[in-house]
Amino acid sequence: MNLRSASAAAVALLCVGCAATGAATRTPSQRSGPRRPAGDLLVRDRFVIGRSVLGRPITAVELGDPDERRTSLVVGVIHGDETAGRGIARRLEHGPLPAAAVLWVIADLNPDGVARRTRQNADRVDLNRNFPWRWRPLGRPGAQQYAGPRPLFEPESRAAYRLILRLRPQITLWFHQPLAVTDRSGGDARIERRFAALSDLAVRELPRYPGSATSWQNHRLPASTAFVVELPPGRLAAAAAARYERAVRTLTSPQRQYRGR
């Protein structure tokens, strides 16, 4: 099995057991871009990896050359009232395809929260407190950081969890707002500093919270780096969105390899 087949099979496995709810559908492949020397096409493939509490689809887009081993992931929105990252994710989805890497994009992990303009999902859970690493009960339903009744109780966090374990991305960026910093999140500090230099969002170590997605990833996949990018408040100007998009593309390109801590 070549890497392309393995990638398709891995995503197909995400869908096992979901057919009854329709959460496991995949749209027809949309391949574009120049043909690779080995005959492969660059891809722009869209997958429904799960559904929200209220049944809205959660979509991941695969971009670039799936035969390449270098894989990165961008999550545009996890808190429904922090939506600026979605615009950057959409720019990545529709822009030039990476030629020697594969980039996955989840523009919106919390579609119910976005629709309601709430930090939490429709179960009133803060999804960024619902991952397994050092999870503990926090607050009550509707509280700002309510962690849910148990880790991975929410369908949105389970969808991200499954995809991340299938892909094992070397770099993952989680967009938040409104602090305008690159968080020192516990992965490779050189990667975080590189993004800070590219984006003009200075590095700062924010408090660690139980059940956060980045802490879980950095613990579960120690050879990779997941970190939070706190964008400025409000809607992004076009120039700022373009700058952050370029920063992501440069950071995740294969020209710069990072090893160790």
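None of the figures in this text is laboratory data; all of them are computed from the coordinates on show. Small disclaimer: the values here were computed from a predicted structure and weren't measured. Cβ: placed from backbone, ideal geometry, glycine included. Neighbour counts: every protein chain shown.
A few notes on this one:
- Test: residue in region 163-173 that is out of contact with any Lys or Arg (no Cβ under 9 Å at 6 or more places or on another chain), over 22 Å from Ala101 (Cα atoms) and surrounded by fewer than 20 Cβ atoms within 10 Å (Cβ to Cβ): no
- Pairs where the first residue, in region 184-203, is in a strand (DSSP E or B) and the second is of a type in the set (D, E, K, R) and crowded, with 20+ Cβ neighbours inside 10 Å, C-beta under 7 Å, 6+ apart: Val203/Glu192
- Restricting attention to region 106-131 and to residues that are of a type in the set (Lys, Arg) and free of Cβ contacts under 8 Å to residues at least 60 places away in the same chain, the residue that is surrounded by the fewest Cβ atoms within 10 Å (Cβ to Cβ) turns out to be Arg117.
- Test: residue in region 143-151 that is more than 16 Å from the chain's Cα centre (by Cα), aliphatic (A, V, I, L, M) and within 25 Å of Pro222 (Cα to Cα): yes
- Answer residue from region 167-183, given it is in a strand (DSSP E or B) and of a type in the set (S, T, N, Q) and is nearest to Gly113 (Cα to Cα) among those: Thr172
- Number of the exception - Gly234 against (1) within 18 Å of Gln170 (Cα to Cα); (2) part of a loop (DSSP other than H, G, I, E, B); (3) not β-branched (Val, Ile, Thr): (1)
- Within region 219-247, residues that are touching a residue at least 60 places away in the same chain (Cβ under 8 Å) sit with their Cβ atoms under 7 Å from residues that are among the aliphatic types (A, V, I, L, M) and in a loop (DSSP other than H, G, I, E, B), at 6+ positions apart or across chains, in these pairs: Val229/Leu201; Leu231/Ala180; Pro232/Ala180.
- Which numbered condition Pro207 fails, given (1) part of a loop (DSSP other than H, G, I, E, B); (2) in contact (Cβ under 8 Å) with a residue 24 or more places away in the chain; (3) within 23 Å of Leu138 (Cβ to Cβ): (2)
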